[in-house]
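Engineer: Submitted below is the structure of interest, expressed as structure tokens.
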């Protein structure tokens with residue numbers, strides 16, 4: 001008991017230090033706990049009390065519950081010697097079923113709103129054995145004061161994800177909760193094993209058509225390293241290669257086309273033009289079951305039409321990372337930039353740092369580009385342009401950080417010119433005077449605003465960072481990438497993949513290979529909170545003419561907090 005109390009004091013002290021200084025290192029606390037604490041702080045979780053919601057009308061008679069209940073009952077018998085709750089939640093952390101081994105633990109669970117219908121998402125309850133599993137995608141064991149909320153410090157919980165055996169998606173979380181003094185590492189082993197048995201039960205509970213489709217998909221996927229897609233009436237299966245091949249819009253279009261091909265059978269060899277302009281080929285077969293069709297399984301290859309016509313062949317070139325965007329927002333920005341440059345109009349490209357503003361300009365200009373940084377006075381600009389040759393474009397980077405005036409060669413207006421500026425920049429009369437020289441402004445969307453571009457960007461960046469190597473992200477790693485808000489945009493994504501490749505130079509990069517920072521932002525709610533907080537800070541700085549002390553007072557925060565947030569959101573003034 002003495003060791004438990006000492007450990008509790010250490011953790012309480014560490015959490016208090018993190019609340020005071022969010023960037024502090026905590027070497028004595030497990031990494032997954034620190035990451036969860038950071039997410040809890042960023043999400044505004046109350047560190048003192050639970051504030052979860054009740055969700056009525058949950059389906060407690062679902063196939064998931066039917067498959068899980070026998071496993072849960074067996075697990076409850078295994079741990080009957082101590083007071084334990086065995087709980088099952090859905091993929092949104094809402095509790096579906098709870099079995100208790102004694103009345104004492106049952107009362108404790110009720111007091112802590114750990115009951116059927118209540119949510120235990122990390123964004124509401126902080127670090128715990130349900131929400132933290134869903135955020136990390138991994139089994140966790142949270143003991144005592146490792147919980148973020150003080151109300152849970154007397155308890156321990158071990159949770160594990162229950163995955164759909166076909167898609168790999170998390171369908172549920174199985175959790176064991178008890179008093180902290182009764183906790184043991186054995187709980188984590190038990191709950192992982194039980195979660196795997198529930199997944200196995202889900203696999204064998206399929207109807208004949210689903211089982212036939214899954215079996216055909218598994219056979220095909222085991223024989224190739226290419227992208228494999230299986231489509232049934234209500235089921236879609238895709239391996240990792242398939243998930244990284246297309247963006248969400250193209251994937252949906254290809255799935256719809258595959259369902260159309262179900263009517264053709266039995267063999268399939270078809271080409272389809274996708275919304276992004278990509279062309280894909282599907283080769284496979286319809287899967288029969290009895291006298292009907294279970295679905296279709298196909299190997300998917302991207303195609304291109306060679307110059308001079310002829311049959312399509314596999315894509316040989318890898319897109320440049322910032323040209324890999326296929327989302328409507330990115331395509332619109334690219335078209336607007338190309339249109340302005342084609343007309344010779346002075347162009348200003350705005351957006352968050354790292355979002356690809358300069359790269360978008362250089363990719364869209366057919367000739368050489370002479371870049372002028374914010375600290376470059378441009379005294380030798382005419383010589384540099386002359387050396388670059390005909391059709392050179394002058395690109396003034398980061399105008400919001402430029403203290404010097406416009407280079408004379410640009411001021412005369414006889415050189416094709418473009419500029420970049422952060423959309424979070426605080427107005428400044430001197431720096432903003434240069435804006436009058438531009439006629440067209442094009443905003444570049446941040447990476448978090450175009451999630452459909454992530455798979456293509458990841459593939460392109462991996463090809464650039466690890467040329468010639470067989471390296472790819474696992475489905476779990478892709479989910480982690482998709483959940484992160486990427487405040488540093490493409491630059492941050494590149495840095496994260498570089499770090500991951502340092503740990504896993506070849507093969508399949510797992511979620512645990514990615515930097516901890518990628519796993520420390522909660523999904524969904526945090527992104528909206530981050531944007532709202534950043535916008536409020538920018539507005540306060542504008543209203544106070546950049547006076548940080550006055551802005552902090554207007555926001556009701558300490559100046560140190562404001563400085564940290566300005567750095568966090570990369571707000572320039």
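Engineer: Check 177, 108 and return the single one that is farther than 28 Å from residue 474 by Cβ, in a helix (DSSP H, G or I) and in contact with a strand residue (DSSP E or B) (Cβ under 8 Å, 6 or more places away or on another chain). Reasoning before the result, please.
Structural biologist: Numbers: 177 fails: in a helix (DSSP H, G or I).
After applying the criteria, what remains is 108.
Engineer: What do you reckon, is residue 415 modelled with pLDDT of 75 or more, surrounded by 21 or more Cβ atoms within 10 Å (Cβ to Cβ) and closer than 18 Å to residue 377 by Cβ?
Structural biologist: Details: modelled with pLDDT of 75 or more: yes; surrounded by 21 or more Cβ atoms within 10 Å (Cβ to Cβ): no; closer than 18 Å to residue 377 by Cβ: yes.
In short, no.
Engineer: Within the bounds of segment 495-514, is there any residue that is surrounded by 19 or more Cβ atoms within 10 Å (Cβ to Cβ) and modelled with pLDDT under 80?
Structural biologist: For segment 495-514, residues surrounded by 19 or more Cβ atoms within 10 Å (Cβ to Cβ) and modelled with pLDDT under 80: absent.
Engineer: Follow-up. Somewhere in segment 218-234, is a residue more than 23 Å from residue 475 (Cα to Cα) and either touching a residue at least 24 places away in the same chain (Cβ under 8 Å) or buried (at least 18 other Cβ atoms within 10 Å of the Cβ) (or both)?
Structural biologist: Here is the first cut: in segment 218-234, the ones more than 23 Å from residue 475 (Cα to Cα) are 233.
Okay, now just the ones that are also either touching a residue at least 24 places away in the same chain (Cβ under 8 Å) or buried (at least 18 other Cβ atoms within 10 Å of the Cβ) (or both), so 233.
The answer is yes; a qualifying residue exists.
Engineer: Among the numbered criteria (1) under 30 Å from the mean Cα position of the chain (by Cα); (2) more than 30 Å from residue 515 (Cβ to Cβ); (3) surrounded by fewer than 17 Cβ atoms within 10 Å (Cβ to Cβ), which one does residue 102 miss?
Structural biologist: Unmet for residue 102, out of (1) under 30 Å from the mean Cα position of the chain (by Cα); (2) more than 30 Å from residue 515 (Cβ to Cβ); (3) surrounded by fewer than 17 Cβ atoms within 10 Å (Cβ to Cβ): (1).
Engineer: Another question, if that's okay. In the set 529, 557, which member is outside any helix (DSSP H, G or I) and at pLDDT below 90? Write out each step before concluding.
Structural biologist: Details: 529 fails: outside any helix (DSSP H, G or I).
Exactly one residue qualifies, and that residue is 557.
Engineer: Let me ask something else about it. Condition first: under 15 Å from residue 284 (Cβ atoms) and without any contact (Cβ under 8 Å) to a residue 24 or more places away in the chain. Can you find one or more residues in segment 196-209 that meet it?
Structural biologist: Taking segment 196-209 and keeping what is under 15 Å from residue 284 (Cβ atoms), we get none.
No - not one qualifying residue is present in segment 196-209.
Engineer: Moving on to the next point. Keeping to segment 129-144, report how many residues are in a loop (DSSP other than H, G, I, E, B) and out of contact with any strand residue (DSSP E or B) (no Cβ under 6 Å at 6 or more places or on another chain).
Structural biologist: The initial filter retains those residues of segment 129-144 that are in a loop (DSSP other than H, G, I, E, B), namely 129-130, 137-139.
Restricting the remaining residues to those that are out of contact with any strand residue (DSSP E or B) (no Cβ under 6 Å at 6 or more places or on another chain) gives 137-138.
The total comes to 2.
Engineer: Let me ask you something else. Any residue that is within 20 Å of residue 29 (Cα to Cα) and part of a helix (DSSP H, G or I) - is there at least one of those in segment 152-171? If you could, list the steps in order and put the result at the bottom.
Structural biologist: Narrowing segment 152-171 to residues within 20 Å of residue 29 (Cα to Cα): 152-159.
Remaining after also requiring part of a helix (DSSP H, G or I): 152.
Yes.
Engineer: Considering each of 482, 468 in turn, give the residue that is over 23 Å from residue 335 (Cβ atoms), modelled with pLDDT under 85 and assigned to a helix (DSSP H, G or I). Break it down into steps so the answer makes sense when it comes.
Structural biologist: On the way: 468 fails: assigned to a helix (DSSP H, G or I).
The unique qualifying residue is 482.
Engineer: Determine, yes or no, whether residue 146 is modelled with pLDDT of 95 or more and under 25 Å from the mean Cα position of the chain (by Cα). Working first, answer last.
Structural biologist: Details: modelled with pLDDT of 95 or more: yes; under 25 Å from the mean Cα position of the chain (by Cα): yes.
Here the answer is yes, as residue 146 does meet what is asked.
Engineer: Could you identify the single residue in 431, 448 that is within 38 Å of the chain's Cα centre (by Cα), modelled with pLDDT under 70 and assigned to a helix (DSSP H, G or I)?
Structural biologist: Values: 448 fails: modelled with pLDDT under 70.
Exactly one of 431, 448 is within 38 Å of the chain's Cα centre (by Cα), modelled with pLDDT under 70 and assigned to a helix (DSSP H, G or I), namely 431.
Engineer: So for segment 5-14 (the condition being within 21 Å of residue 114 (Cβ to Cβ) and either within 27 Å of the chain's Cα centre (by Cα) or in a helix (DSSP H, G or I) (or both)), does at least one residue qualify?
Structural biologist: To start, the set of residues in segment 5-14 that are within 21 Å of residue 114 (Cβ to Cβ) comprises 8, 11.
Now restrict to residues that are either within 27 Å of the chain's Cα centre (by Cα) or in a helix (DSSP H, G or I) (or both): 8, 11.
Yes; the residues of segment 5-14 include at least one that is within 21 Å of residue 114 (Cβ to Cβ) and either within 27 Å of the chain's Cα centre (by Cα) or in a helix (DSSP H, G or I) (or both).
Engineer: Output the residues belonging to segment 264-278 that are part of a loop (DSSP other than H, G, I, E, B) and surrounded by 14 or more Cβ atoms within 10 Å (Cβ to Cβ). It would help to see each step written out before you state the result.
Structural biologist: Taking segment 264-278 and keeping what is part of a loop (DSSP other than H, G, I, E, B), we get 264-266, 274-278.
274, 275, 276, 278 - these are the residues of segment 264-278 that are part of a loop (DSSP other than H, G, I, E, B) and surrounded by 14 or more Cβ atoms within 10 Å (Cβ to Cβ).
The values are calculated or read from the model by the stated rules, or taken from the named source; none is laboratory data. Since this is a predicted model, take the numbers as computed values, not measurements. Glycine gets a Cβ as well: all are built from the backbone with ideal geometry, and neighbour counts include every protein chain shown.
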